[in-house]
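Please read the structure below before turning to the comments.
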Amino acid sequence: MCTLLVASLSLTSMNVTAQTITVGPGGQYSSIQTAINNAAAGDVINVNSGTYKENVNINKRITLRGVDTGSGRPVIDGMLNGRDAVSITASGAWIENFVVTRGKSGISVATTGVTIKGNTIRDNSEYGISLYQASGNKILGNSIWYNKIDGIILQRSSDNNLISGNDVSYNAQSSVEYENKNAVKLYQSNGNVISDNTMKQNGGTITRQPGNRVYRLGDGVQLYETRDNVVKNNVMIDDHYAVWIYKSTNCTVTGNVASGEYYNIMVEQSHRNTIADNTVSKGGRGIWLDYASYNTVRGNKVSGGGNSEWSTYLVTLSNAWYNTLEENVISDSSYVYNALWLTNSSYNTLKGNRIANTGGPLMIDSSKNNRLYLNDFLDGVSSGGSGNYWTSPGTMTYQYNGVTYTSTVGNKYKDYSGQDANRNGIGDTSYSKNGVSDAYPLMQTHDRYLPPGSATPTPTPAPTSTPTVTPKPTLAPTPTPTPKPTATPKPTVTPTATPAPTPILTPTPVPVPGTPDYSVDNMRTMASYEGKVKRMEQFNVAPGKSLTQEIYYKNIGAKPDTYAIYVSGIPASWYKVTMYEDSLVQPLDFRYGYVTITPTTRGTYHVNIQVKSTTHPEIQDTVNYELRVK
């Protein structure tokens with residue numbers, strides 16, 4: 001009985017009620033840090049209006065809440081002493097309703113389960129909010145403005161965080177020194193969700209001739225060496241890149257409204273990503289895939305920027321392989337060089353796309369083995385390559401004008417004038433013009449060719465108009481911003497809903513002749529030198545300078561295999577081979593990497609890059625390049 005009583009008393013003593021502590025006039029403490037030092041886990045610290053010049057360390061699971069007692073939200077002033085204004089190291093901490101300014105980072109997080117909500121974070125010397133090896137946190141409804149580098153940055157395994165409902169704008173404004181900085185940057189961080197944010201005019205500016213035009217050089221969202229991230233339902237206006245995906249895989253960009261200064265959505269050296277249902281306008285590059293493979297670009301609406309001098313390519317594939325572009329609408333621009341451009345790109349599939357009213361055609365240059373069908377090419381086509389396929393890979397069953405037919409299908413061309421005697425919607429004569437050879441041209445636009453039993457198609461909707469830029473907030477004239485009244489997080493800006501896409505027919509597969517057990521395809525790719533991308537032989541490389549030659553190869557055999565890279569024709573001391581992955585390659589999968597070449601002697605050299613099977617050395621594929629050193 002005595003033992004039970006002692007246990008009961010012990011449990012009662014552990015049930016300590018969370019305390020509410022007040023900082024500021026009329027409170028128990030005048031310093032936020034002193035209040036934290038004297039608090040226990042679970043306590044709530046209310047901070048009254050005023051300016052608190054201190055560097056706050058939240059090292060306990062507490063709630064730190066700003067309270068407007070009549071003169072604005074409390075201000076945490078980091079005093080520009082090289083330290084973060086607020087650092088959070090305790091799991092489960094919560095901070096809300098402050099103005100946080102003049103720190104290295106406004107708020108830094110190095111733990112899990114933290115919530116940062118409803119704050120204004122501005123004028124910090126590096127970042128607004130910084131997460132380092134910090135996972136499972138929430139950044140909600142904050143205004144993040146005028147920070148020197150990035151608005152929000154997640155680094156080094158900061159995984160599974162939610163960034164939602166924030167206004168992240170006007171960061172990295174000061175000079176070209178901080179060009180290419182971002183509203184939100186993820187570096188080697190995975191599984192994060194970036195949703196329902198507004199991002200405007202991030203990045204430093206430079207002035208270029210002619211006309212003294214000012215160009216912005218920052219990004220809305222940058223995904224750098226990441227995977228499995230989601231960027232959805234954001235509004236991104238007048239950033240240099242709205243979204244830049246670099247060396248990243250399995251990321252999804254969907255439902256965003258992007259109106260960029262130059263590029264809108266850039267996918268570079270990245271694979272197996274999905275770009276879907278975005279509304280893209282303005283700028284000179286709508287959606288661009290560069291050295292990118294196995295990506296899906298689906299259901300986007302892409303329009304140009306009127307008379308913008310950069311409005312030249314709405315959708316581009318450059319050195320891109322095995323990508324799928326389907327159900328995209330590319331339209332409404334009066335200043336376009338090519339509406340859709342494929343250059344040095346092969347084995348891509350384009351189906352169900354519409355190009356109309358752009359002023360520019362589909363252009364295919366130095367590309368082969370692409371398959372294009374059920375597209376509407378209403379602004380013309382020019383194919384400078386050979387070996388592309390302009391029809392479905394087999395027959396398909398479809399409904400046309402209420403009647404069911406089975407046939408191979410091609411594309412709709414604006415200038416096709418053939419007849420359709422049997423009224424199956426397929427022209428009786430081929431379309432052969434500008435390098436195109438389509439034996440089954442469509443008589444009508446592709447939305448008239450539907451799976452059996454489909455309802456009557458509706459017209460293709462017009463693209464959403466360009467969002468309007470809201471004015472910049474006015475900077476306070478003194479170093480410390482004037483506290484603002486308590487702010488409720490901005491309501492989410494929702495893009496115009498994307499109508500349901502027209503169903504796309506699936507062709508009946510055609511049997512493929514027997515595939516050898518072991519075979520490899522080493523693809524000819526581009527090189528980069530001093531910031532430019534061309535064929536290797538188009539460069540004159542200076543001795544001592546480095547050129548980078550990309551490598552892409554694919555297992556086209558029926559069995560898995562491993563491969564090695566061999567370089568010949570130049571001294572071994574001149575080159576270094578780097579592969580992103582060299583593991584077992586499954587059939588139809590690929591590997592990629594690069595050769596860095598630093599020549600030391602002038603001359604013309606024939607560089608041979610060979611991909612050879614390590615299990616069957618007779619299986620190899622060699623590509624020959626010419627290196628000019630002058």
request  = Take Thr22 and decide whether it is among the polar types (S, T, N, Q), farther than 24 Å from Asn124 by Cα and part of a strand (DSSP E or B).
outcome  = yes
remark   = Okay, strands (runs of 3 or more DSSP E) sitting entirely in region 376-426 with 2 or more residues that are surrounded by fewer than 16 Cβ atoms within 10 Å (Cβ to Cβ) and either in contact with a His (Cβ under 9 Å, 6 or more places away or on another chain) or not basic (Lys, Arg) (or both), I get 403-407
ask   = Looking at (1) surrounded by fewer than 19 Cβ atoms within 10 Å (Cβ to Cβ); (2) modelled with pLDDT of 85 or more; (3) polar (S, T, N, Q), which is the only condition Ser613 fails?
value = (1)
query = Does Tyr566 satisfy the condition of being surrounded by 15 or more Cβ atoms within 10 Å (Cβ to Cβ) and on the phi < 0 side of the Ramachandran plot?
reply = no
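Within region 569-600, how many residues turn out to be modelled with pLDDT of 80 or more, hydrophobic (A, V, I, L, M, F, W, C) and surrounded by 16 or more Cβ atoms within 10 Å (Cβ to Cβ)?
Initially, region 569-600 is screened for residues modelled with pLDDT of 80 or more, giving 569-578, 584-587, 594-600.
With hydrophobic (A, V, I, L, M, F, W, C) added as a condition, the list becomes 570, 572, 574, 577, 584-585, 595, 597.
The next check asks that each one be surrounded by 16 or more Cβ atoms within 10 Å (Cβ to Cβ); those that pass are 570, 574, 577, 585, 595, 597.
The total comes to 6.
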inquiry  = Can you find, within region 340-368, the residue that is surrounded by the fewest Cβ atoms within 10 Å (Cβ to Cβ) among those that are more than 18 Å from Gly410 (Cα to Cα) and modelled with pLDDT under 85?
reply    = Gly359
ask   = Does at least one position in region 26-48 carry a residue that is in contact with a strand residue (DSSP E or B) (Cβ under 9 Å, 6 or more places away or on another chain), touching a residue at least 12 places away in the same chain (Cβ under 8 Å), part of a loop (DSSP other than H, G, I, E, B) and within 23 Å of Lys148 (Cβ to Cβ)?
value = no
ask   = Looking at region 67-81, which of its residues are part of a strand (DSSP E or B) and aliphatic (A, V, I, L, M)?
value = Val75, Ile76
query = With respect to the numbered conditions (1) within 21 Å of Val75 (Cα to Cα); (2) at pLDDT 95 or above, which one is the sole condition not fulfilled by Pro25?
reply = (2)
query = Quick one: is Val184 of a type in the set (A, V, I, L, M), touching a strand residue (DSSP E or B) at 6+ places or on another chain (Cβ under 8 Å), modelled with pLDDT under 80 and in a strand (DSSP E or B)?
reply = no
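If you scan region 187-209, which residues turn out to be modelled with pLDDT of 60 or more and either within 14 Å of Cys251 (Cβ to Cβ) or among the hydroxyl-bearing types (Ser, Thr, Tyr) (or both)?
First pass over region 187-209, keeping only residues modelled with pLDDT of 60 or more: 187-203.
Residues satisfying the conditions are Tyr187, Gln188, Ser189, Asn190, Gly191, Asn192, Val193, Ile194, Ser195, Thr198.
The values are calculated or read from the model by the stated rules, or taken from the named source; none is laboratory data. This one's a predicted model, so the numbers in the text were calculated from it and none came from an experiment. Note that each Cβ is placed from the backbone with ideal geometry, even for glycine, and that neighbours are counted across all protein chains shown.
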